[in-house]
Amino acid sequence: MNRHLRALRPLFLTLLGLAAQAGALTPAGTVITNQVQAEFISPVTDQPEQVLSNVVQTTVAPVCAASVTPDGSAEQPAYSVTRLPGETAVFPYVLTNAGNDRFAFALSGRVEAGSATAPSLRVVQDVNANGQLDSGEPDVSTVLLDADASVRLLLVTGALTQGTALVNLVSGCAGGASDTNNVSRVVVGPPPALGVTKSFSPAQLRPGAETTVTVATTNSGAGESRAVTVTDLLADQAALGLTFVSGSAAASGGTVEFTTDGSTWAATEPAAVRGVRVRKDSLSAAETLTLTFRMRAAASAEGQVIPNVATAQTGTQSVSGQASVDVRYLPAVAIGPVGTPEAPEGSDADRQSRTFGAVGQAVCFDHTAKNTGDVADAYHIEVTFPQGGAQVTLLGADGQPLAQPFTLAPGQTTVVRACFTPQQAGSLSAVLTILGARGTSNATADVLQNVQATLPELRKTYRATTRNDAGQAVNVPQDQPVRVGDTLTYTLSVRNPYTWALTDVVLTDPLPAHLNFASASDGGQKTGTPGAEQVRWTLGTLAPGQALERTVTATVSDRAVDGEALKNVFTLSSTEFTTPLPSNEVSTPVWKAKLVVTKAVSAQEVTYGDRLLYTLTIANQSSTTAIINAVVVDTAPKGLEYVPGTATLNGDALADPNIVSGTSTWTSTWTIPEIPAGATVTLTYVSRVTPEASGALVNTVSVSGTGAGGVAKAIASNRAQATTRLNLLRFAPQADIVGVVFVDRNRNGLYDVATDTPVGRARILLAGGREVLTDERGRYSFGNVPVGTHALRLDPSTTPYQALLTPQAGGLSGTKTVFVTGLTSVDFPLAPLGGDISVLRRTTLTIGDVRVEKSVFAAGGGYTVQIRIVTPRALHEVAFIDPLPAGATLKEGRNTLTGSLNAGEIFLTYHFDWTGEPRAATTDPVLTWR
């Protein structure tokens with residue numbers, strides 16, 4: 001070395017080359033170059049100088065390293081989960097290439113020692129890195145990773161069985177170490193066992209009723225379950241008429257939810273529920289989850305058995321429970337003896353029996369029919385006769401014929417009375433079967449053990465007595481009526497015709513309403529008040545063949561009505577004859593009023609050829625009852641003969657009588673249809689004196705008839721006579737009277753056809769009893785009037801006009817005295833009312849055989865009305881009114897009539913003032929009667 005070399009000043013050595021990458025292995029194949037550089041201060045130049053060493057190169061070899069996370073061991077597993085048998089487990093891992101090159105890593109799952117169960121394992125790539133096994137994610141056994149790259153993996157078990165398993169995800173590459181410390185633990189507990197039971201309570205119901213549905217899900221396994229959902233879909237049931245009852249769902253736990261479509265569920269109940277479910281997170285061993293709700297059956301559900309299935313689901317386990325509800329009515333009916341409708345059919349309790357009956361005599365049995373079902377039904381009853389035969393009448397609770405079919409509501413009862421009238425002797429057995437429209441039926445039996453062909457002998461007779469003028473009691477003939485105060489004695493005869501006794505025999509005699517009780521024999525007891533009295537005998541036992549009599553006495557009350565019949569029947573009842581047996585009826589006519597006839601003749605002395613007017617006045621003095629078919633018998637001596645066509649009744653023409661001639665007398669017989677109560681009728685006829693006449697001519701008349709209703713017979717009148725003597729010195733020529741009744745308009749006293757008005761149907765009376773009515777032209781005539789002085793009178797009630805006073809009238813309006821000889825004319829001029837008078841209207845109203853004639857006249861600013869009512873028969877409860885025009889004032893007379901009208905005619909005349917239109921002064925009359 002140069003001795004002149006100075007010592008080196010600070011020397012710096014620098015290693016030049018490629019540095020390794022921090023935190024990671026140097027990639028394989030990397031060449032590492034290494035060279036040293038020295039820096040110093042040259043002692044020569046005293047300047048910095050650099051000196052380089054030689055270059056050294058090294059190539060990096062590939063290194064494989066697998067890293068699986070998380071790590072775990074049996075003692076400290078990466079994951080620890082619990083599962084149920086049959087379930088799977090998924091463990092997420094991350095594999096990282098920790099080497100310095102790209103390597104293929106093998107993947108596998110391994111069950112470690114110490115496991116009680118060995119599930120199958122597979123490795124799945126977690127494509128979406130969500131840590132869960134998703135559809136479509138692939139199984140992998142090898143992955144190729146660049147250095148430092150990672151992949152997410154899932155270790156997936158197969159279906160697990162009970163026990164503990166240690167599972168490990170192992171990964172490594174060729175030539176490198178494997179990562180095996182990735183142990184996870186899965187504990188598989190005992191399995192749950194779900195069961196579902198379902199019930200309807202009640203399981204059978206009628207339409208309109210509700211049933212409670214109970215769904216019970218029980219975990220009968222040893223392990224706790226996963227989340228449980230119990231579902232009951234109801235759409236099919238609703239379609240059949242069984243629907244959910246709002247607000248009725250409840251559960252023993254969890255959350256209740258509802259659906260309307262079977263897929264969308266909510267905790268809020270909708271209007272139309274088509275499904276109910278309950279959800280609970282889990283069910284522990286032996287725990288039960290219960291869901292209840294109600295359902296209602298509509299009418300459309302009737303007759304259907306409706307099934308329902310409920311399903312419980314937990315995990316993959318699904319179980320079902322099924323039940324059905326029977327929707328229908330349970331109709332049922334029963335009939336039996338009264339009060340016991342549900343007596344067992346065919347039993348002794350369901351049979352009624354009587355020991356005795358009689359042919360033709362009704363025997364009645366009472367029964368109770370009951371609807372024992374749960375729905376209203378319509379029923380009818382059929383009767384059959386296994387033995388014997390009878391007519392049967394079914395009666396209801398009101399005693400009226402049973403209306404069939406009849407309807408009973410559930411539980412409702414009704415009484416049915418069956419009355420049998422046997423038609424043959426022997427025994428009678430009847431079966432009553434009640435049948436419902438819904439197909440139900442029930443029967444009961446009635447038995448008559450012994451039906452006899454005869455009845456007990458009952459006979460009633462009476463005797464009527466009255467007091468004669470001497471006060472002595474005398475019998476009234478059976479066909480004659482009785483009067484007030486007369487006595488009636490009734491005899492009641494009874495005989496038992498059978499070979500066995502009749503027991504608890506009772507005789508009852510209801511007295512007619514118009515008798516008053518007087519006495520009864522053998523302890524007969526009277527009950528009731530007058531008008532409603534009856535006598536009762538309690539006889540007890542009537543031995544076989546025994547006969548007896550009882551009597552009761554009564555008097556005719558003043559309540560009796562003429563023409564009625566006092567009808568009387570007694571009855572017998574006994575244990576054997578619960579329906580009273582009637583006796584024969586006795587009928588006693590009553591007539592307490594008189595029928596009186598009087599007779600008058602028109603002349604006391606006659607000569608040959610004279611005519612005699614006979615007037616018969618017949619009075620029915622009864623205030624209550626008419627006489628019908630009154631027969632008038634008039635007996636006349638020879639020397640008098642009836643003049644045909646002269647008979648009148650109450651002024652109306654009457655048919656000629658039936659005439660029967662005898663040796664010294666002849667009889668004329670008329671029949672009058674009716675003489676009203678309280679009425680008097682007048683019968684007139686004319687007889688002519690013949691040359692056979694001599695001495696006193698005595699006529700005798702009598703009347704008999706029948707009380708209204710045809711009950712009281714032979715009601716006879718007194719006998720009346722009229723006597724006239726033959727006086728030949730009275731023999732004289734006959735004359736005739738003719739005339740006209742008219743309104744004398746010009747007041748000249750003469751009938752002028754051009755100006756005067758004839759008055760029809762005016763009555764002219766001739767002294768001596770003769771009378772005639774004018775015709776429509778106002779004309780009248782009396783024929784065969786003896787020559788001499790006679791008085792005539794115009795009946796003022798038959799015309800609305802006043803007769804003009806004449807000197808012949810002697811100051812009496814409408815009366816004229818004239819000397820009659822030959823053909824004599826006697827007119828009746830009448831004064832117009834208030835001056836001149838004109839007819840405004842004539843009206844005729846015909847009602848059957850009754851006629852009402854009305855004439856309205858205007859006179860002096862007022863009006864006069866004449867009414868004529870014509871009837872061929874008596875009218876009762878008459879109401880007649882001829883209304884005035886509105887605003888009119890009645891001045892005189894009357895325009896109404898009430899009461900009764902006798903056969904014949906009646907006139908009403910009245911006057912009124914009125915200022916209205918004359919054509920409106922007329923009204924229509926109204927007549928009514930019973």
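The values are calculated or read from the model by the stated rules, or taken from the named source; none is laboratory data. Treat the numbers as computed from the prediction; the structure is a model and nothing was measured. Cβ coordinates were reconstructed from backbone atoms using ideal geometry, including for glycine residues, and neighbour counts include every protein chain displayed.
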Problem - Failed criterion for VAL273 (all others in (1) in a strand (DSSP E or B); (2) at pLDDT 95 or above; (3) crowded, with 18+ Cβ neighbours inside 10 Å hold) - result: (1)
Handout entry: Cβ pairs under 7 Å, 6+ apart, first in segment 308-332 and without any contact (Cβ under 8 Å) to a residue 60 or more places away in the chain and assigned by TED's automatic domain parsing to the domain that holds SER199, second of a type in the set (Val, Ile, Thr) and assigned to a strand (DSSP E or B)
Key = SER318/THR311
Practice task
State which residue is surrounded by the fewest Cβ atoms within 10 Å (Cβ to Cβ) when the search covers only segment 745-781 and only residues that are of a type in the set (Asp, Glu) and at pLDDT 85 or above.
Solution key: GLU776
Fill in the blank from the handout: When restricted to ALA453, ALA397, ALA445, ALA430, the only residue in contact with an Asp or Glu (Cβ under 6 Å, 6 or more places away or on another chain) and closer than 30 Å to PRO582 by Cβ is ALA430
Exercise for the section: Identify all residues within segment 370-420 that are over 20 Å from the mean Cα position of the chain (by Cα) and either polar (S, T, N, Q) or not in a strand (DSSP E or B) (or both); write none if there are none. Expected result: THR372, GLY373, ASP374, THR384, GLN387, GLY388, GLY389, GLN391, THR393
Exercise for the section: For segment 156-195, enumerate the residues that are surrounded by fewer than 20 Cβ atoms within 10 Å (Cβ to Cβ), assigned to a strand (DSSP E or B) and touching a Ser or Thr at 6+ places or on another chain (Cβ under 7 Å). Expected result: GLY163, THR164, VAL170, GLY172, VAL187, GLY195
Exercise for the section: Assess whether GLY262 counts as being under 20 Å from SER320 (Cα atoms) and surrounded by fewer than 16 Cβ atoms within 10 Å (Cβ to Cβ). Expected result: yes
Problem - Meets criteria (assigned to a strand (DSSP E or B), surrounded by fewer than 16 Cβ atoms within 10 Å (Cβ to Cβ) and touching a helix residue (DSSP H, G or I) at 6+ places or on another chain (Cβ under 9 Å)) for PRO307 - result: yes
Exercise for the section: Report yes if some residue within segment 461-478 is under 50 Å from the mean Cα position of the chain (by Cα) and either not assigned by TED's automatic domain parsing to the domain that holds SER573 or not aromatic (Phe, Trp, Tyr) (or both); otherwise report no. Expected result: yes
Practice task
Identify, by number, the condition in (1) under 30 Å from ALA501 (Cβ atoms); (2) touching a Pro at 6+ places or on another chain (Cβ under 9 Å); (3) free of Cβ contacts under 8 Å to residues at least 60 places away in the same chain that ALA376 doesn't meet.
Solution key: (1)
Exercise for the section: Identify the residue in segment 632-681 that is over 60 Å from the mean Cα position of the chain (by Cα) and among the charged types (D, E, K, R) and, among all such residues, is farthest from ARG763 (Cα to Cα). Expected result: LYS638
Problem - Check on TYR685, in contact with a helix residue (DSSP H, G or I) (Cβ under 9 Å, 6 or more places away or on another chain) and either assigned to a strand (DSSP E or B) or not β-branched (Val, Ile, Thr) (or both) - result: no
